[in-house]
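Written out below as C-alpha coordinates is the structure these notes cover.
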Amino acid sequence: MSAMQWILLGVLGAILLCVWFARRLRRQKILVLELLGKRPNGAFGLDLVLMSGGELHRGTIYVILSALEDAGLVISWGEDGRRKYRLVAGATQ
(Lines give C-alpha, C1' and ligand atoms only; values in the text may rest on other atoms or scores of the structure.)
Protein backbone atom coordinates (compact mmCIF):
# COMPACT_ATOMS: atom_id res chain seq x y z
CA MET A 1 0.00 0.00 0.00
CA SER A 2 1.11 3.50 -0.70
CA ALA A 3 1.49 6.14 1.98
CA MET A 4 -1.67 7.88 0.75
CA GLN A 5 -3.67 4.66 1.07
CA TRP A 6 -2.42 4.21 4.64
CA ILE A 7 -3.42 7.79 5.47
CA LEU A 8 -6.87 7.31 3.97
CA LEU A 9 -7.29 4.05 5.87
CA GLY A 10 -6.34 5.81 9.11
CA VAL A 11 -8.79 8.65 8.45
CA LEU A 12 -11.57 6.18 7.67
CA GLY A 13 -10.81 4.27 10.86
CA ALA A 14 -10.95 7.47 12.90
CA ILE A 15 -14.30 8.41 11.35
CA LEU A 16 -15.76 4.98 12.08
CA LEU A 17 -14.52 5.17 15.66
CA CYS A 18 -16.14 8.60 16.13
CA VAL A 19 -19.44 7.31 14.75
CA TRP A 20 -19.31 4.30 17.08
CA PHE A 21 -18.64 6.52 20.14
CA ALA A 22 -21.44 8.92 19.16
CA ARG A 23 -23.95 6.06 18.85
CA ARG A 24 -22.86 4.55 22.14
CA LEU A 25 -23.17 7.89 23.93
CA ARG A 26 -26.62 8.42 22.42
CA ARG A 27 -27.75 4.99 23.66
CA GLN A 28 -26.40 5.78 27.11
CA LYS A 29 -28.23 9.12 27.21
CA ILE A 30 -31.48 7.40 26.26
CA LEU A 31 -30.88 4.79 28.96
CA VAL A 32 -30.32 7.50 31.59
CA LEU A 33 -33.56 9.21 30.56
CA GLU A 34 -35.42 5.89 30.78
CA LEU A 35 -33.98 5.14 34.22
CA LEU A 36 -34.81 8.61 35.51
CA GLY A 37 -38.34 8.12 34.16
CA LYS A 38 -38.68 5.22 36.60
CA ARG A 39 -37.61 7.43 39.52
CA PRO A 40 -39.98 10.45 39.62
CA ASN A 41 -38.41 11.68 42.87
CA GLY A 42 -34.96 11.61 41.30
CA ALA A 43 -31.87 9.47 41.66
CA PHE A 44 -28.22 9.85 42.47
CA GLY A 45 -25.71 9.16 39.72
CA LEU A 46 -24.42 6.01 41.37
CA ASP A 47 -27.98 4.70 41.71
CA LEU A 48 -28.33 5.04 37.93
CA VAL A 49 -25.08 3.13 37.40
CA LEU A 50 -26.37 0.28 39.59
CA MET A 51 -29.80 0.31 37.92
CA SER A 52 -28.23 0.07 34.46
CA GLY A 53 -26.95 -3.47 34.95
CA GLY A 54 -23.44 -2.65 33.81
CA GLU A 55 -24.40 -0.49 30.82
CA LEU A 56 -23.33 2.75 32.55
CA HIS A 57 -20.11 3.36 34.43
CA ARG A 58 -18.95 5.74 37.16
CA GLY A 59 -16.60 7.47 34.75
CA THR A 60 -19.31 8.46 32.29
CA ILE A 61 -22.55 8.89 34.25
CA TYR A 62 -21.82 12.45 35.39
CA VAL A 63 -20.69 13.51 31.92
CA ILE A 64 -23.98 12.19 30.53
CA LEU A 65 -26.04 13.80 33.31
CA SER A 66 -24.27 17.13 32.77
CA ALA A 67 -24.98 17.01 29.02
CA LEU A 68 -28.64 16.18 29.67
CA GLU A 69 -28.85 19.02 32.19
CA ASP A 70 -27.28 21.43 29.68
CA ALA A 71 -29.89 20.30 27.15
CA GLY A 72 -32.66 21.14 29.63
CA LEU A 73 -33.87 17.55 30.01
CA VAL A 74 -32.64 16.96 33.55
CA ILE A 75 -32.39 19.10 36.68
CA SER A 76 -30.20 18.48 39.71
CA TRP A 77 -30.03 19.63 43.29
CA GLY A 78 -27.94 18.92 46.35
CA GLU A 79 -29.21 16.36 48.83
CA ASP A 80 -27.26 14.65 51.62
CA GLY A 81 -24.05 16.21 50.30
CA ARG A 82 -24.55 14.68 46.84
CA ARG A 83 -26.26 15.68 43.59
CA LYS A 84 -29.64 14.17 42.83
CA TYR A 85 -31.12 14.22 39.31
CA ARG A 86 -34.60 13.99 37.86
CA LEU A 87 -36.31 14.55 34.55
CA VAL A 88 -37.69 17.96 33.74
CA ALA A 89 -41.47 17.87 33.30
CA GLY A 90 -42.25 16.93 29.69
CA ALA A 91 -38.78 15.49 28.99
CA THR A 92 -40.21 12.04 28.32
CA GLN A 93 -42.15 13.19 25.27
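The values are calculated or read from the model by the stated rules, or taken from the named source; none is laboratory data. Treat the numbers as computed from the prediction; the structure is a model and nothing was measured. So basically every Cβ, Gly included, is an ideal-geometry build from the backbone, and we count neighbours across all protein chains shown. Accessible surface areas use protein heavy atoms only, side chains included; no ligands, DNA or RNA. Shrake-Rupley method; radii C 1.70, N 1.55, O 1.52, S 1.80 Å.
List, in order, the whole-Hz ³J(HN,Hα) value for each residue of region 48-63 obtained from phi through the Karplus relation with A = 6.51, B = -1.76, C = 1.60 and θ = phi - 60°; use x for Gly and Pro.
Residue by residue, region 48-63 yields 5, 4, 5, 5, 6, x, x, 6, 10, 10, 4, x, 10, 4, 6, 5 Hz.
With a cut-off of 8 Å between alpha carbons and a minimum separation of six or more residues, what is the relative contact order of region 24-93 in percent?
RCO, region 24-93: 35 percent.
Which cross-chain or sequence-distant (5 or more) residues have an amide H under 5 Å from the amide H of Val88, H modelled 1.01 Å from N in plane?
Residues meeting the amide H criterion: Val74, Ile75.
Beyond 14 Å, what percent of the Cα pairs of region 44-93 remain?
52 percent
Could you derive backbone 3J(HN,Hα) for region 65-81 from the dihedral phi with the Karplus parameters 6.51, -1.76 and 1.60 (θ = phi - 60°), listing whole Hz in sequence and x where the residue is Gly or Pro?
Those phi angles translate into 4, 5, 5, 5, 5, 4, 7, x, 9, 9, 10, 9, 8, x, 8, 6, x Hz.
Ordering Val63, Val74, Val11 by how much accessible area each has at a 1.4 Å probe, largest first, what is the list?
Result, largest first: Val63, Val11, Val74.
On a 1.4 Å probe surface of the protein chains, which of Trp6, Trp77 comes out largest in accessible area, and what is the full order?
Heavy-atom accessible area, descending, gives Trp6, Trp77.
How charged is the neighbourhood of Arg58? Take every other residue with its Cβ under 15 Å from the Cβ of Arg58, and add Lys/Arg as +1 and Asp/Glu as -1.
On the way: positive: Arg82, Arg83; negative: Asp47, Glu55.
Result for the neighbourhood of Arg58: 0.
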